[in-house]
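S.K.: One structure coming up, written as structure tokens, with questions to follow.
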Amino acid sequence: MIGTKTINGYIKRLRSLDRESLQQDIELRVEKARDVFEIIVANDLAKIGMVLLAIFLIVGLFAPVIAPHEPNERQTNDQGDWLRGEDPSITYPMGTTDNAHDIFSQVVFGTRVALMAGMLTALMVGGLGTFAGIIAGYSGGYTETAIMRIVDLAYGVPFLPFAIVLVIVLGANLWNIVLAISLILWRETARVVRSEVLSIRELADIESAKASGASDTRIILYHIFPKVLPTAVLYSVFAIGWAILAEAGLSFLGFSDHEMVSWGSMLQAAYNGQALDQSMWWWIFPPGICISLLVISVYLISQGIEEVVNPHLREV
């Protein structure tokens, strides 16, 4: 009979092996993450995008400190009169609106809205699209057919009318705008990820994992998900740009929370206030330039991520 000390010795050895294998797995994943980061940073366009995005993130995080006024605060002179349509100056770097709002403060606080719309949409699109694509590609059969028919249905839904109706029904706020955008944009992520999974599931290591008795959950988490993660991240980054443009567009059309100042709502106010007719260029250019720069920064970063997904691009 095997003694208690022998059994305890086996248990300790197994535990030490588990700890060692876990540590090796963590080190391997950290090393891979470092390699991926180095590939992205090696791309000059991605570097520029990271710098631009970092600037916007700093502005968004420290908006209350950077902005000299509240975005909806009326600016007045010593006599209490509203300072309408003030030209850019030291006191008001970007001038004021026809309702005496400080444009610089509105632009700074609008950065938060744009970043929140982009990041939240990226999380929802990446999560939903990746989950649907993996399940469809790995399961096959009726499950795959059902999911892909839903994807086809999503492709047939026009974005703008769908988003407008959804926001009207659920209410005009940032969360519902993000939901409307995400329910449309996840379709492309799901289709691309599913195509990758169809190829991955035929690989030798997947067959070996099945032969060794690994569960479907373990195979998906440890063998399939890491392989499709770069693609999922790439399409999530694409979604950030689309979300920023979509949020600005819906806000410009008036389908946003009127208590929330965003770049799109600033452009709507400038249009309604006939800023062009009054030659108030300082009211129009700042939000428009910020929208363009933020979307460009995301696009430039995606160039570096694309080299991770497609190694052949590094040779070009």
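The values are calculated or read from the model by the stated rules, or taken from the named source; none is laboratory data. Treat the numbers as computed from the prediction; the structure is a model and nothing was measured. Glycine also receives a Cβ, built like all others from the backbone with ideal geometry; neighbour counts cover every protein chain displayed.
S.K.: Among the numbered conditions (1) of a type in the set (S, T, N, Q); (2) modelled with pLDDT under 90; (3) outside any loop (DSSP other than H, G, I, E, B), tell me where Thr111 comes up short.
M.R.: (2)
S.K.: Let me ask another. Name every residue in the range 266-304 that is assigned to a helix (DSSP H, G or I) and more than 27 Å from the chain's Cα centre (by Cα), in order of residue number.
M.R.: The first filter runs over the range 266-304 and keeps only residues assigned to a helix (DSSP H, G or I), leaving 266-272, 281-304.
Scanning the range 266-304 gives Ala270, Tyr271, Asn272, Trp281, Trp282, Trp283.
S.K.: Report whether or not Arg194 is among the charged types (D, E, K, R), surrounded by 14 or more Cβ atoms within 10 Å (Cβ to Cβ) and over 24 Å from the mean Cα position of the chain (by Cα).
M.R.: So Arg194 fails the test.
S.K.: All but one of (1) surrounded by fewer than 20 Cβ atoms within 10 Å (Cβ to Cβ); (2) among the β-branched types (Val, Ile, Thr); (3) not in a helix (DSSP H, G or I) hold for Val261, so report the exception by its number.
M.R.: Among (1) surrounded by fewer than 20 Cβ atoms within 10 Å (Cβ to Cβ); (2) among the β-branched types (Val, Ile, Thr); (3) not in a helix (DSSP H, G or I), Val261 violates only (1).
S.K.: Closer than 23 Å to Ala136 by Cβ, buried (at least 18 other Cβ atoms within 10 Å of the Cβ), without any contact (Cβ under 8 Å) to a residue 40 or more places away in the chain and not charged (D, E, K, R): which single residue out of Leu183, Leu203, Leu234 fits that description?
M.R.: One residue alone meets the criteria, Leu183.
S.K.: Which ones in the range 34-46 are over 18 Å from the mean Cα position of the chain (by Cα) and in contact (Cβ under 8 Å) with a residue 24 or more places away in the chain?
M.R.: Val36, Ile39, Val41, Ala42, Asn43, Leu45
S.K.: What are the pairs with Cβ atoms under 6 angstrom where one residue, in the range 78-103, is under 16 Å from Gln274 (Cβ atoms) and the other, located anywhere, is in a loop (DSSP other than H, G, I, E, B) and hydroxyl-bearing (Ser, Thr, Tyr)? Sequence gap at least six, or different chains.
M.R.: Cβ pairs passing all conditions: none.
S.K.: Looking at the range 211-251 only, could you name the residues that are more than 19 Å from the chain's Cα centre (by Cα) and among the hydroxyl-bearing types (Ser, Thr, Tyr)?
M.R.: Once the filter is applied, which keeps residues that are more than 19 Å from the chain's Cα centre (by Cα) and among the hydroxyl-bearing types (Ser, Thr, Tyr), the range 211-251 yields Ser212, Ser215, Thr217, Tyr222.
S.K.: Now a separate question. Does the range 152-171 hold any residues that are touching a residue at least 24 places away in the same chain (Cβ under 8 Å) and hydrophobic (A, V, I, L, M, F, W, C), and which are they?
M.R.: Hits for the range 152-171 are Ala154, Val157, Phe159, Leu160, Ala163, Ile164, Val167, Ile168.
S.K.: Of everything in the range 58-99 that's in contact with a Leu (Cβ under 7 Å, 6 or more places away or on another chain) and crowded, with 16+ Cβ neighbours inside 10 Å, which residue is modelled with the highest pLDDT?
M.R.: The qualifying residue modelled with the highest pLDDT is Gly60.
S.K.: Turning to a different aspect of this structure: Can you find a residue in the range 212-227 that is more than 27 Å from Val298 (Cβ to Cβ), surrounded by fewer than 16 Cβ atoms within 10 Å (Cβ to Cβ), in contact (Cβ under 8 Å) with a residue 60 or more places away in the chain and not polar (S, T, N, Q)?
M.R.: yes
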